[in-house]
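Working notes, beginning with the structure itself.
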Amino acid sequence: MDALRNLFRSWSSDARLNGKTVIITGANTGIGKETAIDLAKRGARLIMACRDMEKADAALKEVKDASGNQDVVISKLDLSNSTSIREFAEKINKEEKQVNVLINNAGVMVCPYGKTADGFEMQIGVNHMGHFLLTYLLLDLIKRSTPARIINVSSTAHKWGTINLEDINSEKSYDKQKAYSQSKLANILFTRSLAKRLEGTGVTAYSLHPGVVQTELWRHLNKPQQAVMWMAKPFTKSSVQGAQTTIYCAVAPELETESGKYYSDCAPAKCSQAAMDDEVAQRLWQLSCKMLSISWE
C-alpha cells in the first residue's frame with residue numbers, strides 16, 4: 001500500500017496563478033472540484049462552469065473555504081445544449097478581461113443511450129461536441145490572454161475507441177462502452193488538431209488521463225462492473241489524486257513550450273495509434289464543425 005501511495009502522490013509545485021483567470025467545466029464534483037480548490041489556492045480567479053446550480057452553490061462554498069480565495073464564481077453551463085454553451089460563452093466574452101486556462105473537464109460515462117438537445121448521442125455530444133463548441137466560442141479571448149492553455153480531460157479508455165465517422169451518434173447500434181471510448185479518443189484527436197492550428201499564437205493544448213478515479217461517473221456501470229471496481233478500489237485514485245495531472249498541465253512552467261501531447265501521472269504518456277491519426281483527426285474536425293454549424297479552419 002505504501003508503493004501505491006507513492007505512485008499516486010500529489011504533484012508538488014509552488015507555481016502561482018495570481019492575476020490569471022481559469023475556467024473549469026464540471027467543477028462542482030470529483031476531480032473538477034479538487035482541481036478548482038488547488039488552482040484557487042494558487043491565487044487564480046476561478047470560474048466554475050456547472051450544469052446543476054444547486055450542487056454548484058455547495059461546491060462554491062467548499063472551494064472558497066478550502067482555498068481561502070474569495071475570487072471564485074459559478075456560472076451555468078449545460079454541455080448537452082448548444083444554446084446554453086453559447087449563452088455561457090457570450091457572458092464570459094462580455095464580462096471577463098481574460099481567460100488564461102480553459103479546462104474541459106466535465107463528462108458523462110457509459111450512460112444509457114440518450115441524445116443531447118442538439119440531437120447528438122449523449123457521450124460524444126457532451127464529452128466532445130460540447131467542449132469543441134465552447135473552445136471555439138472562447139478562443140479569441142483566450143488568444144488575447146496569452147500565454148494561455150487549453151486542457152482536455154480524456155481517459156485511457158480512448159485506447160479501446162474508434163471514431164465512427166459514418167455513425168458518430170451511434171444510431172445504427174449502441175454500445176455504451178464503445179461510445180464512451182469514442183468520445184475520449186475524440187478528446188485527444190481534437191487536442192492534436194487544435195495544437196497545430198494554434199502554433200505560434202502563445203496558446204498551448206494538452207490532453208490527459210486522470211487515472212482510474214473514484215467519482216460519480218461510476219454510477220452508470222452495471223452491477224458486475226461496479227463489483228469489479230469495488231474490488232479494485234485500493235488500486236484506484238481519490239479525486240485529489242485524480243486531479244493532479246490536470247493541475248500539472250494547467251500549471252507546470254516546463255509545459256509552456258509543449259503542445260498537443262497526452263499526459264498521465266504528471267508525465268508524457270503513450271496514446272493509441274488511432275489517437276495519432278491526423279487524417280481521422282482532420283475529418284473529425286470537419287464533421288464537428290458541420291454538425292455544430294460553425295466555420296473553424
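Summary table
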{"read-out": "Count of the range 95-127 residues which are in a helix (DSSP H, G or I) and either without any contact (Cβ under 8 Å) to a residue 40 or more places away in the chain or of a type in the set (Lys, Arg) (or both)", "value": "1"}
{"read-out": "Tabulated pairs, the range 49-60, first surrounded by fewer than 21 Cβ atoms within 10 Å (Cβ to Cβ), second hydroxyl-bearing (Ser, Thr, Tyr), C-beta under 6 angstrom, 6+ apart or interchain", "value": "none"}
{"read-out": "Total residues in the range 160-180, condition closer than 20 Å to Ala106 by Cα, not hydroxyl-bearing (Ser, Thr, Tyr) and not in a loop (DSSP other than H, G, I, E, B)", "value": "4"}
{"read-out": "Count of the range 128-156 residues which are within 14 Å of the chain's Cα centre (by Cα) and either within 30 Å of Lys178 (Cβ to Cβ) or not in a strand (DSSP E or B) (or both)", "value": "15"}
{"read-out": "Leu255, sole failed condition from (1) over 17 Å from the mean Cα position of the chain (by Cα); (2) surrounded by fewer than 20 Cβ atoms within 10 Å (Cβ to Cβ); (3) modelled with pLDDT under 95; (4) within 25 Å of Gly30 (Cα to Cα)", "value": "(3)"}
{"read-out": "Filter pass, Leu217 being of a type in the set (A, V, I, L, M), modelled with pLDDT under 95, closer than 19 Å to Lys159 by Cα and out of contact with any His (no Cβ under 6 Å at 6 or more places or on another chain)", "value": "yes"}
{"read-out": "Only listed residue being out of contact with any strand residue (DSSP E or B) (no Cβ under 6 Å at 6 or more places or on another chain) and in contact (Cβ under 8 Å) with a residue 60 or more places away in the chain, chosen from Leu137, Leu133", "value": "Leu133"}
{"read-out": "Test for Ile188: is it crowded, with 24+ Cβ neighbours inside 10 Å and either without any contact (Cβ under 8 Å) to a residue 60 or more places away in the chain or among the small types (Gly, Ala, Ser) (or both)", "value": "no"}
{"read-out": "In the range 230-247, residue modelled with the highest pLDDT [restricted to those that are of a type outside the set (Val, Ile, Thr) and in contact with a helix residue (DSSP H, G or I) (Cβ under 6 Å, 6 or more places away or on another chain)]", "value": "Ala243"}
{"read-out": "Subset tally (residues that are touching a Leu at 6+ places or on another chain (Cβ under 8 Å) and closer than 14 Å to Asn105 by Cβ) for the range 29-62", "value": "8"}
{"read-out": "Test set (1) farther than 19 Å from Ser238 by Cα; (2) of a type in the set (Val, Ile, Thr); (3) surrounded by 24 or more Cβ atoms within 10 Å (Cβ to Cβ) - Val72 fails condition number", "value": "(3)"}
{"read-out": "Candidates Ala44, Ala49, Ala3, Ala106, filtered to the one that is modelled with pLDDT under 95 and hydrophobic (A, V, I, L, M, F, W, C)", "value": "Ala3"}
{"read-out": "Which listed residue is on the phi < 0 side of the Ramachandran plot, surrounded by fewer than 23 Cβ atoms within 10 Å (Cβ to Cβ), touching a residue at least 40 places away in the same chain (Cβ under 8 Å) and hydroxyl-bearing (Ser, Thr, Tyr), from Thr83, Thr146", "value": "Thr146"}
{"read-out": "Hey, Ala274 closer than 26 Å to Asp38 by Cα, of a type in the set (A, V, I, L, M) and at pLDDT 95 or above or not", "value": "no"}
{"read-out": "Unmet requirement for Gln182, which otherwise passes all of (1) surrounded by fewer than 24 Cβ atoms within 10 Å (Cβ to Cβ); (2) in contact (Cβ under 8 Å) with a residue 12 or more places away in the chain; (3) more than 22 Å from Leu255 (Cβ to Cβ)", "value": "(1)"}
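Yes or no, residue by residue, for (1) more than 19 Å from His131 (Cα to Cα); (2) touching a Ser or Thr at 6+ places or on another chain (Cβ under 8 Å):
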{"site": "Glu54", "(1), (2)": "yes, no"}
{"site": "Glu62", "(1), (2)": "yes, no"}
{"site": "Asn69", "(1), (2)": "yes, no"}
{"site": "Ser75", "(1), (2)": "no, no"}
{"site": "Ile85", "(1), (2)": "no, no"}
{"site": "Gln98", "(1), (2)": "no, yes"}
{"site": "Asn104", "(1), (2)": "no, yes"}
{"site": "Met109", "(1), (2)": "no, no"}
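The values are calculated or read from the model by the stated rules, or taken from the named source; none is laboratory data. All figures in this text were calculated on a predicted structure; none of them were measured in a lab. Because the Cβ atoms are built from the backbone with ideal geometry, glycine has one as well, and the counts that use them run over all protein chains shown.
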